[in-house]
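Input: a single structure, listed below in structure tokens.
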Ligand SMILES: *Cc1c(COP(=O)(O)O)cnc(C)c1O
């Protein structure tokens, strides 16, 4: 019997050239991370102690005071919001997402709205949008401005949500300055802002109070893992709202530098974060992946660049197409862009993506540029041999054999 569980489940495996997409199960884990997850699963631990240790390691990697492993960046957004809403007040923790009579508004630039902010609203916050993004509509040159944040902050403000990426305006520094003056925390969604490795520290260094990263994207941790890092008291609040605390208060002995028991009067039994609980396997897998990412981040980018280069070369002689390598905006991830000349090819980019998906093996590419007549191939979730499979499939669709395939006698 095959050792591949997907064979036993009769579920097809795919070639994932769409990158770290959750709908396609993210990238494959390295053996090192997979082995750590497997070993972690064979023991039992006190989860508060494990998260306290994770906090130290995340603090080292990010420069933040403390950290928490979450079940994803979206879970980090919900827990970070819950921390800003409830602080260390257990009665408030128990009430969330009911925020009646609490400060509950998060100010966000209209141009930064996206459907992951559902997680912020799920904690009980309401979003207050600022700025008219003329530069995005093409009707002008401006976006939200710092004074607009200042004007929107009032008695009901609980925080500022900032979605980091290369195009985000205004600059985080300017938003932090406004927030500091008003004594309001800034929560940064930096889920996909890695690599470069330096970005692990960047947003904290710029003054963000809380920052979230995906563990299942470039870091290479378990698909359902993420990082929330930031101020010690906010991380303690987030931890209180996701750990299982179904024990008598006097029997609870959290490590003091993680959660200061003297600072709280009581704790929730199960906070709002119980619905996105994280297991020891995710925590250990994330920590091992994070350590490797910090140590080898540069080498991984080089490996991805080599894969992208190899694919671009393999596709160079494909007719009616033009191939280019571009970096994903704001990160150092190289992407292969295949522009399709629909008139010459007799099929557009959209048809081509469908044919790749329906072939054997099933090849999924990035669909974000179909409107420009292009397919996007990301190297981040490819396995050995996938580049040749992609090239062979495209040449087959175009009715020819790839040079590489011919040399190896594939299809003969
Ligand atoms: C991917 C992403 C998320 C969600 O991350 P998960 O780890 O899958 O929960 C949130 N925000 C942004 C901007 C993202 O790109």
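Since every read-out is calculated from the coordinates, none of them should be taken as a lab result. Just so it is clear, the model here is predicted, and its values are computed rather than measured. In this analysis, Cβ positions are derived from the backbone assuming ideal geometry, glycine residues included, and neighbour counts consider all displayed protein chains.
With viscosity set to 0.890 mPa s at 25 °C, what whole-number translational diffusion coefficient in µm²/s follows for segment 180-233 from Stokes-Einstein and a Kirkwood radius over Cα pairs?
For the chosen part, D equals 210 µm²/s.
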Given a cut-off of under 8 Å on Cα pairs at least six residues apart, what relative contact order in percent is computed for the chain?
22
Tilt, helix 280-315 to longest principal axis of the chain (alpha-carbon atoms), in degrees rounded to tens, equals 30
How much length is gained on full extension from residue 24 to residue 198, taking 0.36 nm per residue of separation minus their Cα-Cα distance?
59.9 nm
Residues 29, 93, 78, 400 in order from fewest to most other beta-carbon atoms within 10 Å are 400, 29, 93, 78
Can you figure out the FRET efficiency of residue 357 with residue 2, using R₀ = 25 Å and their beta-carbon distance, to the nearest 0.05?
0.60
Convex hull volume of the Cα atoms in the chain, per residue, in Å³?
155
DSSP beta bridges in the chain: the antiparallel percent, rounded to 5, is 55
For Cα pairs less than 8 Å apart in space and 6+ apart in sequence, what is the mean separation divided by the residue count of segment 261-412, i.e. the relative contact order in percent?
19
Long-range share for segment 3-61, i.e. C-alpha pairs more than 17 Å apart as a percent of all pairs, stands at 65
Which of 68, 370, 394 has the fewest other C-beta atoms within 10 Å, and how do the rest follow up to the most?
370, 394, 68
Kirkwood Rh in Å, taken over segment 188-266 so that all alpha-carbon pairs contribute
14.3
What translational D, rounded to a whole number of µm²/s, comes out for segment 1-153 from Stokes-Einstein when the hydrodynamic radius is the Kirkwood one over Cα pairs, at 25 °C and 0.890 mPa s?
124
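Using the Kirkwood formula over every pair of different C-alpha atoms, what hydrodynamic radius in Å results for segment 53-111?
Working: mean 1/r = 0.0756 Å⁻¹.
Every distinct Cα pair counted, the radius reaches 13.2 Å.
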Summing -39500 (n - 2.57) over the DSSP H runs of n ≥ 4 in the chain and dividing by its residue number, what mean residue ellipticity at 222 nm do you reach, to the nearest 500 deg cm²/dmol?
-11500 deg cm²/dmol
Where a ≥ b ≥ c are root eigenvalues of the Cα gyration tensor, a/c under 1.5 meaning rounded, otherwise prolate if a/b exceeds b/c and oblate otherwise, segment 245-313 counts as prolate
Compactness of segment 129-221, expressed as Rg and Dmax over alpha-carbon positions, Å
14.2, 41
What order do you get for 302-310, 218-226, 36-44 when each peptide is scored by the mean count of other beta carbon atoms within 10 Å, highest first?
218-226, 302-310, 36-44
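From largest to smallest, what semi-axes in whole angstrom does segment 292-336 give when each is the square root of 5 times an eigenvalue of its alpha carbon gyration tensor?
25, 12, 4
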For segment 73-203, just run the numbers: alpha carbon Rg, then divide by 2.2 N^0.38 Å, N being how many residues it has.
1.05
Tell me, 77, 240 in order of fewest to most beta-carbon neighbours within 10 Å?
240, 77
Pulled fully out, how much extra length does the chain show between residue 13 and residue 132, if you take 0.36 nm times their separation in residues and subtract their Cα-Cα distance?
38.4 nm
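With the contact rule set at Cα under 8 Å and sequence spacing of 6 or more, what percent relative contact order holds for segment 163-251?
21
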With r defined as the distance between the Cβ atoms of residue 31 and residue 313 and R0 fixed at 30 Å, what FRET efficiency is calculated, to the nearest 0.05?
0.60
Compute from the Cα atoms of segment 283-389 the Rg and the Dmax, the latter being the longest Cα-Cα distance, and quote both in angstrom.
15.5, 52
Given the Cα-Cα distance of residue 303 and residue 57 and 0.36 nm per residue of separation, how much length would full extension add, in nm?
86.0 nm
So, in nm, how far is label residue 327 from label residue 166 when the simple model puts each one 7 Å beyond its Cα toward the Cβ?
0.6
Please work out, to two decimal places, the log10 of the ratio I(q)/I(0) at q = 0.10, 0.13, 0.18 Å⁻¹ from a Debye calculation in which every Cα of segment 206-346 carries one identical scatterer.
-0.56, -0.76, -1.10
